[in-house]
1. Determine ³J(HN,Hα), in whole Hz, for all residues of segment 86-97 in sequence, where each value follows from phi through the Karplus function 6.51 cos²θ - 1.76 cosθ + 1.60 and θ = phi - 60°; x replaces Gly and Pro.
2. Determine the equivalent ellipsoid of the chain by diagonalising the alpha-carbon gyration tensor, then write out the semi-axes as square roots of 5 times the eigenvalues, largest first, rounded to whole Å.
3. Give me the distance in nm between label points sitting 7 Å out from Cα along the Cα-to-Cβ direction at ARG29 and VAL66, one decimal.
4. When the helix-only estimate is applied to the chain (DSSP H runs of n ≥ 4, each -39,500 (n - 2.57), divided by the residue count), what is the mean residue ellipticity at 222 nm, nearest 500 deg cm²/dmol?
5. Based on the Cβ-Cβ distance from SER270 to HIS209, what FRET efficiency comes out when R0 is 30 Å, to the nearest 0.05?
6. Could you point to the residue in LEU127, LEU81, TYR238 farthest towards the positive end of the chain's charge dipole, with +1 and -1 charges on the Cβ of Lys/Arg and Asp/Glu respectively?
7. Name the long-range amide H neighbours of LEU252: under 5 Å, sequence gap of 5 or more, or other chain; modelled H, no Pro or chain starts.
8. Go through segment 117-207 and name the GluC sites (Glu not before Pro) that are in a DSSP coil and have 14 or fewer other Cβ atoms within 10 Å of their Cβ.
Amino acid sequence: MPELPEVETTRRGIAPYLEGQRVSRVVVRERRLRWPIPEDLDVRLSGQRFVSVQRRAKYLLLNAEVGTLISHLGMSGNLRLVEAGLPAAKHEHVDIELESGLALRYTDPRRFGAMLWTADPQQHELLLRLGPEPLTDLFDGERLFQQSRGRSMAVKPFIMDNAVVVGVGNIYATEALFAAGIDPRRPAGGISRARYVRLGIEIKRVLAHAIERGGTTLRDFIGGDGQPGYFQQELFVYGRGEEPCKVCGTVLRNVTLGQRASVFCPRCQS
Ligand SMILES: [Zn+2]
């Protein structure tokens, strides 16, 4: 599933081909994504220039002169540039053709993604209640400490809650808690300020590192398969249950928290 780093990598990959470009037409071959693609998308977007490409949480905001296309990659979606008019294979549901002769092509085998139109993304119901971006100054460990007081839920689902901070998916929550030495089962409200400060730093570090690694795959956004990396990064614990800890050699333990599989080291994390 595309996580925040993959979505940010996608944004960086497609933005140079979209910004300043005028849309010549929109071809929709399959409307049934998580929500239906609006019937009038072609009418609304054609003839307009893209002004900027932004990201909020895992949503891409393709800002046109009037209105914004909100896209989400769902479980299996990707966006890449192809030559306009290139015959579409199965699952290649949308082409946004540009005057440059390229087209932004949306592919999504499982169709859990989204492509929606809004006059004002700041007021859109999908974006309205999102917490701060993890890589901005609006987020830090002090904020986690303040928000966690009185909360009895485990710390791992707490930091994965989009109302607390956006974009901390299962991989990154698991790895950041290991790096901070915090047992993912601990109640969020019982963790000290000093430990949250460390955790805030580790969340930023693991996400920034994954984005940096994704940067090496940008060339794939034009002509390639559009798969942005799915970083073969150096994972310490995620996906390594029952294997030895890379730091201390103790067997890593599997645990389910908030319906999500998790792994931790019983010696390095407390
Ligand atoms: Zn260990």
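Every number in this text was worked out from the coordinates using simple rules, so none of it is lab data. Keep in mind that what you see is a predicted model, and the values were worked out from it rather than measured. Counting neighbours? That spans all protein chains shown, and the Cβs are built from the backbone with ideal geometry, glycine included.
1. Those phi angles translate into 4, x, 8, 8, 4, 6, 8, 8, 9, 10, 9, 7 Hz.
2. Numbers: eigenvalues 280, 78, 46 Å².
Square roots of five times the eigenvalues give 37, 20, 15 Å.
3. Label-label distance for ARG29 and VAL66, simple model: 3.1 nm.
4. Values: 6 runs with 66 residues, N = 270.
Taken over the chain, the calculation gives -7500 deg cm²/dmol.
5. Working: r = 24 Å, r/R0 = 0.80.
Here the calculated transfer efficiency is 0.80.
6. Positive-end residue among those listed: TYR238.
7. Residues meeting the criterion, in which the H sits 1.01 Å from N, are GLU242, GLU243, CYS245.
8. Of the GluC sites (Glu not before Pro), the ones in loops of segment 117-207 whose Cβ has at most 14 other Cβ atoms within 10 Å are GLU125.
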